[in-house]
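These notes are about the structure you will find just below.
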Amino acid sequence: MQKMSRCFILLFSGAVLTFLQGYVAVHYLKAQPSSACLTCSLESDLLSYSTLALVPLTGLLLVFGYLRVQNGLFIATTLLLLMISWAVIDTMIFDDRVASWSTFTTAELWLASLVGCLLPVMAGGIAWWGIAYFTTRRYEHKVS
């Protein structure tokens, strides 16, 4: 039961942080039309892309729960996964709303996107570290 509640807390936190990080990072693109769907809002794009980050996070939570991985390794791996996912999501939205309408090389696309999302990704990473650290620590003490 404690593993289920820990997993739920971490998945819910990951979903909320993924959406918030993306919204903060690409909010300035809200007025730009999407090249894939001219009537789609930024929020609907973020919501659909955010589900992509939850699939590997769910897999990691299940595997790490089954293998009983140490908390430090668990937090570091999930943090790295989420930060990479956030950067990819921000780049996909930047590509969809800005780069598709102009001529960006792949290097310019990644550079422009990563410069814009660096601080929100780092802030989200710090928030995830805190949530994961205190959640795993809380349940670790209850078990022993």
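Bear in mind that the values in this text are calculations on the coordinates, not laboratory data. Predicted, not measured: the structure shown is a model, and the values here were computed from it. Glycine also receives a Cβ, built like all others from the backbone with ideal geometry; neighbour counts cover every protein chain displayed.
Taking the stretch 17-39, which residues are of a type in the set (A, V, I, L, M) and exposed (fewer than 14 other Cβ atoms within 10 Å of the Cβ)?
Residues of the stretch 17-39 of a type in the set (A, V, I, L, M): 17, 20, 24-26, 29, 31, 36, 38.
Passing the criteria: A31, A36, L38.
Which pairs do you get when a residue that is free of Cβ contacts under 8 Å to residues at least 40 places away in the same chain and surrounded by 14 or more Cβ atoms within 10 Å (Cβ to Cβ), found in the stretch 56-73, comes within reach of a residue that is among the hydrophobic types (A, V, I, L, M, F, W, C) and assigned to a helix (DSSP H, G or I), reach meaning Cβ atoms under 7 angstrom, with the pair 6+ apart or on two chains?
Going by the 7 Å Cβ cut-off, the qualifying pairs are P56/L81; L60/L81; F64/F74.
Considering only residues that are more than 18 Å from G124 (Cα to Cα) and of a type in the set (A, V, I, L, M), look in the stretch 62-91 and name the one that is farthest from the chain's Cα centre (by Cα).
Selected residue: L67.
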